[in-house]
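Enquirer: After the structure tokens below, expect a handful of questions from me.
The values are calculated or read from the model by the stated rules, or taken from the named source; none is laboratory data. All values derive from a computational prediction rather than experimental measurement. Quick reminder, even Gly has a Cβ in these numbers, built from the backbone with ideal geometry, and neighbours come from all protein chains shown. When the accessible area is computed, the model is the full protein with side chains, heavy atoms only, and any ligands, DNA or RNA have been set aside. Shrake-Rupley method; radii C 1.70, N 1.55, O 1.52, S 1.80 Å.
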Amino acid sequence: MKKVVLIPDSFKGTMSSGEICAIMRRAVLAHYPAAQVVSVPVADGGEGSVDAFLCAVGGQRRTVRVAGPFFQEMESFYGVLDDGKTAVIEMAACAGLPLTEGRRNPLEATTYGVGQLIRHAVESGCRTVIMGLGGSATNDGGCGAAAAAGARFLGPDGKEFVPVGGTLKEICRIDLSHMLPQLAETDIITMCDIDNPLYGPSGAAHVFAPQKGADEKQVALLDDGLQHLDRVIQHCLGLHTAQLPGAGAAGGMGCGMAAFFHSRLQMGIETVLDTVHFDRLLSGADMVFTGEGKIDSQSARGKVVSGVALRTAAAGVPLIAVVGDIGDGAGALYEKGVSAIFSINRVAVPYEEARPRAKDDLYWTMDNLMRFFKRMEL
């Protein structure tokens, strides 16, 4: 085995994709010390996305002081890849749920700081922005981010204000004429792995606001606000973005990115694969290893394993998925191009007991596979 590519998703709550790559690499090199091992850690747009991209491609973190979830000043960050022109932003870095412990309130939380990160990146010369939407505490439809980038939201009195989830219904007019001019020449890609619309029973408020602290009455208020925002967007901007797959992601941030920043919403794995030039990495590869915490029918719907499988199948390179659990419907991945699926769980124990031993179990599984491949070569 001369070249191996590793591109696993994280095992949520157990191992990061970077840790998994390191363990897999150690097992491969133990049996094939001369092999070229290429590691591509993957993140889904939430916390850790910036570090995953920097690890996979190279680059640097930039630290910026911006507004936090409740407009308090805080230190945040984004990444700039090695090309110097591509910024990676995870909205969780300044509008994430962990930043609101003890005060979860999507009626008051803002994405303003996210817009400040975009502004800083663009004003610093970045002309591609990769935006990750995971883990947000907000439900403002991206209005805060747009306001930080120059959008004007006008209320009934004609005065400008920064809308939050609880004040979306006060928006009477939206003016984008003062948006940061550099945005017109910036390609913004939004990583979005869900297909929820902006509002309604499967929209941002009903599905995600309860975990952000909203009760039943507040969920209804937030949903009404998002419906109102859609009407104003249609009237003022002539856009119909509420039903885009992913419009409801991150409290409607998906809709806001499309409407205010003219961003395209794209599956996270496709963004990763394009950014790291995965098709090029496949050249000369003998084997690719991927994986995730649990593989099942949902994994075939644009997640990491299925996204990688489509590329490896096209290139004719075998793909092995090394996973935590194998659930119902996992067989659909074979049709996508996965060659084989292996679970690292060696003993039938509950998750809380399996979690501490996961790293050893992962190494043991990879070690077993390497032994098998070496035997097949004899």
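Enquirer: Check whether at least one residue in segment 273-282 is open to solvent by 60 Å² or more (accessible area, probe 1.4 Å), in contact (Cβ under 8 Å) with a residue 60 or more places away in the chain, under 30 Å from G144 (Cβ atoms) and not acidic (D, E), and report yes or no.
Expert: Scanning segment 273-282, I find no residue that is open to solvent by 60 Å² or more (accessible area, probe 1.4 Å), in contact (Cβ under 8 Å) with a residue 60 or more places away in the chain, under 30 Å from G144 (Cβ atoms) and not acidic (D, E), so the answer is no.
Enquirer: Which members of segment 197-240 meet the condition of being of a type in the set (S, T, Y) and over 22 Å from F153 (Cβ atoms)?
Expert: S202
Enquirer: Test V129 against the criterion of being under 23 Å from R65 (Cβ atoms) and either in a helix (DSSP H, G or I) or open to solvent by less than 60 Å² (accessible area, probe 1.4 Å) (or both), and give yes or no.
Expert: It is true that V129 is under 23 Å from R65 (Cβ atoms) and either in a helix (DSSP H, G or I) or open to solvent by less than 60 Å² (accessible area, probe 1.4 Å) (or both).
Enquirer: Going by what's in this entry, would F53 be described as within 14 Å of the chain's Cα centre (by Cα), aromatic (F, W, Y), over 20 Å from Q116 (Cα atoms) and modelled with pLDDT under 95? Steps first, please.
Expert: Details: within 14 Å of the chain's Cα centre (by Cα): yes; aromatic (F, W, Y): yes; over 20 Å from Q116 (Cα atoms): yes; modelled with pLDDT under 95: yes.
In short, yes.
Enquirer: Moving on to the next point. Within segment 363-374, does at least one residue satisfy the condition of being in a helix (DSSP H, G or I), surrounded by fewer than 20 Cβ atoms within 10 Å (Cβ to Cβ) and without any contact (Cβ under 8 Å) to a residue 12 or more places away in the chain?
Expert: So far as segment 363-374 goes, yes, one or more of its residues are in a helix (DSSP H, G or I), surrounded by fewer than 20 Cβ atoms within 10 Å (Cβ to Cβ) and without any contact (Cβ under 8 Å) to a residue 12 or more places away in the chain.
Enquirer: Evaluate segment 234-245: report whether one residue or more is within 23 Å of V50 (Cβ to Cβ) and surrounded by fewer than 18 Cβ atoms within 10 Å (Cβ to Cβ).
Expert: Within segment 234-245 (the criterion being within 23 Å of V50 (Cβ to Cβ) and surrounded by fewer than 18 Cβ atoms within 10 Å (Cβ to Cβ)), the answer is no, since none of the residues qualifies.
Enquirer: Follow-up. Out of everything in segment 214-225 that is acidic (D, E) and open to solvent by 60 Å² or more (accessible area, probe 1.4 Å), what residue ends up being nearest to P106 (Cα to Cα)?
Expert: Selected residue: D215.
Enquirer: Here is a list of conditions, (1) out of contact with any Gly (no Cβ under 7 Å at 6 or more places or on another chain); (2) in contact (Cβ under 8 Å) with a residue 60 or more places away in the chain; (3) not charged (D, E, K, R), and G324 meets all of them except one; can you say which number that is?
Expert: (1)
Enquirer: Report those helices (runs of 4 or more DSSP H) wholly inside segment 1-115 carrying at least 3 residues which are of a type in the set (A, V, I, L, M) and surrounded by fewer than 22 Cβ atoms within 10 Å (Cβ to Cβ). Break it down into steps so the answer makes sense when it comes.
Expert: Working: elements: 17-31, 49-57, 92-95.
Per the criteria, 17-31.
Enquirer: Okay, moving on. Kindly establish whether H228 is of a type outside the set (A, V, I, L, M, F, W, C), open to solvent by 10 Å² or more (accessible area, probe 1.4 Å), modelled with pLDDT of 95 or more and over 17 Å from S136 (Cα atoms).
Expert: It is true that H228 is of a type outside the set (A, V, I, L, M, F, W, C), open to solvent by 10 Å² or more (accessible area, probe 1.4 Å), modelled with pLDDT of 95 or more and over 17 Å from S136 (Cα atoms).
Enquirer: For A321, work out the one condition from (1) modelled with pLDDT under 90; (2) crowded, with 24+ Cβ neighbours inside 10 Å it doesn't fulfil.
Expert: Answer for A321: the failing condition is (1).
Enquirer: Scan segment 137-173 residue by residue and report those that are under 17 Å from A258 (Cα atoms), open to solvent by 10 Å² or more (accessible area, probe 1.4 Å) and not in a helix (DSSP H, G or I).
Expert: G150, R152
Enquirer: Sort out which residues of segment 203-213 are open to solvent by less than 10 Å² (accessible area, probe 1.4 Å) and out of contact with any Asp or Glu (no Cβ under 9 Å at 6 or more places or on another chain), and write them in order of number.
Expert: K212
Enquirer: Hey, can you tell me all the residues within segment 326-362 that are closer than 23 Å to Q298 by Cα, open to solvent by less than 70 Å² (accessible area, probe 1.4 Å), not hydroxyl-bearing (S, T, Y) and not in a helix (DSSP H, G or I)?
Expert: Those that are closer than 23 Å to Q298 by Cα, open to solvent by less than 70 Å² (accessible area, probe 1.4 Å), not hydroxyl-bearing (S, T, Y) and not in a helix (DSSP H, G or I): G327, G329, A330, G331, G337, V338, A340, I341, I344, N345.
Enquirer: Please indicate, with yes or no, whether at least one residue in segment 267-277 is part of a loop (DSSP other than H, G, I, E, B), polar (S, T, N, Q) and within 16 Å of the chain's Cα centre (by Cα). Full working, then the answer.
Expert: Of segment 267-277, the ones part of a loop (DSSP other than H, G, I, E, B) are 267, 276-277.
Remaining after also requiring polar (S, T, N, Q): none.
No, every residue in segment 267-277 fails to be part of a loop (DSSP other than H, G, I, E, B), polar (S, T, N, Q) and within 16 Å of the chain's Cα centre (by Cα).
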